[in-house]
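The values are calculated or read from the model by the stated rules, or taken from the named source; none is laboratory data. The model shown is predicted, which means the values in this text are computed figures rather than measured ones. Heads up, the Cβs are rebuilt from the backbone with ideal geometry, glycines too, and the neighbour counts pull from every protein chain shown.
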Amino acid sequence: MILEHAPLTVRAGEQEAFEAAFARARRLIAAVPGFRRLTLSRCLERDTGYLLLVEWDRLEDHTEGFRGSPAYQEWKALLHGFYDPFPVVEHYAEVLRADPA
């Protein structure tokens, strides 16, 4: 499993519109082969901050499958205009895990 990590900064005053657009956009990514799940969380310290975490089966499911699809073009049209600055997206492979005892 690969974890995509994208800290997002949304232009001030556009948070509500961003969340509404993201609610529409999530169906686009959810239909891509290799997609597992996503969470979008709002930062408690900065009202313009969000964290997007997406789980993929393989890195290529995101970098080639999703980003190379028509769905990604629609995703971009819905969401990319909200970001300032544009986010840096990174991918992680799990090394360790701790669960409650």
Before we move on, is GLY68 at pLDDT 95 or above, under 28 Å from ALA17 (Cβ atoms) and not in a loop (DSSP other than H, G, I, E, B)?
no
Within segment 33-65, take every residue that is part of a loop (DSSP other than H, G, I, E, B) and in contact with an Asp or Glu (Cβ under 7 Å, 6 or more places away or on another chain) and give me the one that is surrounded by the fewest Cβ atoms within 10 Å (Cβ to Cβ).
PRO33
I'd like the full set of residues that are among the hydrophobic types (A, V, I, L, M, F, W, C) and either in a loop (DSSP other than H, G, I, E, B) or exposed (fewer than 13 other Cβ atoms within 10 Å of the Cβ) (or both), limited to segment 14-29.
ALA20, ALA23
For segment 32-72, what are the residues that are without any contact (Cβ under 8 Å) to a residue 40 or more places away in the chain, closer than 13 Å to VAL89 by Cβ and of a type outside the set (Phe, Trp, Tyr)?
LEU38, THR63, ARG67
What are the residues in segment 11-31 that are touching a residue at least 60 places away in the same chain (Cβ under 8 Å) and over 13 Å from the mean Cα position of the chain (by Cα), if any?
ARG11, GLU14, ALA17
A careful count of residues in segment 73-101 that are in a loop (DSSP other than H, G, I, E, B) and either over 14 Å from the mean Cα position of the chain (by Cα) or surrounded by 13 or more Cβ atoms within 10 Å (Cβ to Cβ) (or both) gives 12
Selected residue (only one of LEU38, LEU53, LEU59 is touching a helix residue (DSSP H, G or I) at 6+ places or on another chain (Cβ under 8 Å) and within 17 Å of MET1 (Cα to Cα)):
LEU38
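Yes or no: segment 86-96 includes at least one residue that is in contact with a Lys or Arg (Cβ under 9 Å, 6 or more places away or on another chain) and free of Cβ contacts under 8 Å to residues at least 24 places away in the same chain.
Within segment 86-96, not a single residue is in contact with a Lys or Arg (Cβ under 9 Å, 6 or more places away or on another chain) and free of Cβ contacts under 8 Å to residues at least 24 places away in the same chain.
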